[in-house]
Structures are given as C-alpha cells and as structure tokens.
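Everything on this sheet refers to the single structure shown next.
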Amino acid sequence: LGLLVVSADSRAPLLAALAMLVAIATDLADGPIARRSGTASAFGGTFDHATDFLFVVSGLTGGVVIGAVPWLLPVLVVTAFTQYVVDSYWLHGQRRLRGSRLGRYNGIGYFVPVCGVILIQLRLTFLTPALTLVCWFLVLSTCVSIGERLMLLWASRRTGPGSPA
C-alpha cells in the first residue's frame, strides 16, 4: 500500500483504493468467520492486529512521503502497537492481546487518514484540511492511549504482589 501511495503511476490511486476496500472487507469478515467456524485463536487475533498494523503503517508512511500525513502519526502508531504487544505478552504474561477501548477506536481510526490520502490522490483535494485535522486528532488520542497504558502499568506495579502498597 505504501508503494502505491508514493507511486507516480496514474493507476496507483485506483489500485490503492482497491487494496483498501479488500483490506477493510476481509478485516470485517475474518473475525466473525473464525468465531462461527470455531477456529478463533489467540494467534489469529494477534495475526489480525499485526496485519492491520503493517497495512496502516505502510499507508501512513506513504502519506508522510508525499507530505499528506505528519511524520509523528506513523511513529506513534508503531510505538503504541509495540507497547500493546509488550504490555500484553511480556509485562502481563497474557496469552492474548490486552485491548483497551481507546486503543480499539484508534486502531479503527488509523484507517481513516489512509483512506483520506487515497481519496486526495484520486483528486478529491478539498479533503486535505479534514485529513490534517483527523491526523492531528489521532496523534493526540494515540498519545492519550499510550499514557493510559503506562499509567495502568505503573498502578499495577505499585499495588501488585510484593509492593509496599
């Protein structure tokens, strides 16, 4: 996706839009299909989140290269996802990712600026101010999400077994 976003080929925006539609459709379908068929697993959930993460970060990075997305957004997405995985598996020893409501909304929201970049490349340039606003809102909400997870970790360390509290 990132390569399509930065490509000078006139067909690239249409191919990027098609890739986005396929990604969204398969992302919406895979969880319910796995649950219905009894094949849902912790690995499948992690794989789903990881593929979403890679797809979104590649699109956001392409947006940075063409000047449509602030560089801080993909950096924060990488930071938040890394924190999510480390916090879930290593710090809390879980077998599944430990989600949060804000993290879930951010994960969905990260698709919006990627769609915006594609739409702008499809000559809907009037969307540029809205894209900028969405990007900075996601920067803020991602910082809040990272901070929230850090505060919860700190609180659990203070009140956990063997702590002075």
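The values are calculated or read from the model by the stated rules, or taken from the named source; none is laboratory data. Small disclaimer: the values here were computed from a predicted structure and weren't measured. Neighbour counts are summed over all protein chains in view; Cβ atoms, including those assigned to glycine, are modelled from backbone coordinates with ideal geometry. Remember, those area values only see protein heavy atoms, side chains included, never the ligands or the DNA or RNA. Shrake-Rupley method; radii C 1.70, N 1.55, O 1.52, S 1.80 Å.
Here is how the numbers come out for the structure above:
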item	result
Filtered residue count, the stretch 119-156, keeping only those that are free of Cβ contacts under 8 Å to residues at least 24 places away in the same chain, open to solvent by less than 60 Å² (accessible area, probe 1.4 Å) and more than 29 Å from residue 87 (Cα to Cα)	2
Residue list for the stretch 109-136, restricted to those being over 15 Å from residue 56 (Cα atoms) and not in a helix (DSSP H, G or I)	122, 123, 124
Residue 62 being in contact (Cβ under 8 Å) with a residue 12 or more places away in the chain, within 21 Å of residue 43 (Cβ to Cβ) and buried (at least 20 other Cβ atoms within 10 Å of the Cβ)	no
Residue match in the stretch 48-56 (condition: in contact with a Gly (Cβ under 9 Å, 6 or more places away or on another chain), modelled with pLDDT under 90 and not hydrophobic (A, V, I, L, M, F, W, C))	yes
Selection count, the stretch 93-118, where residues are touching a residue at least 60 places away in the same chain (Cβ under 8 Å) and either open to solvent by 30 Å² or more (accessible area, probe 1.4 Å) or within 14 Å of the chain's Cα centre (by Cα) (or both)	3
Odd one out for residue 79, checked against (1) over 14 Å from residue 142 (Cβ atoms); (2) in contact (Cβ under 8 Å) with a residue 40 or more places away in the chain; (3) open to solvent by 40 Å² or more (accessible area, probe 1.4 Å)	(1)
Filter result for the condition that a residue is of a type in the set (A, V, I, L, M) and modelled with pLDDT under 95, over 33, 66, 118	33
Helices (runs of 4 or more DSSP H) enclosed by the stretch 1-107 - at least 2 residues per element that are closer than 16 Å to residue 118 by Cα	2-6, 12-37, 42-65
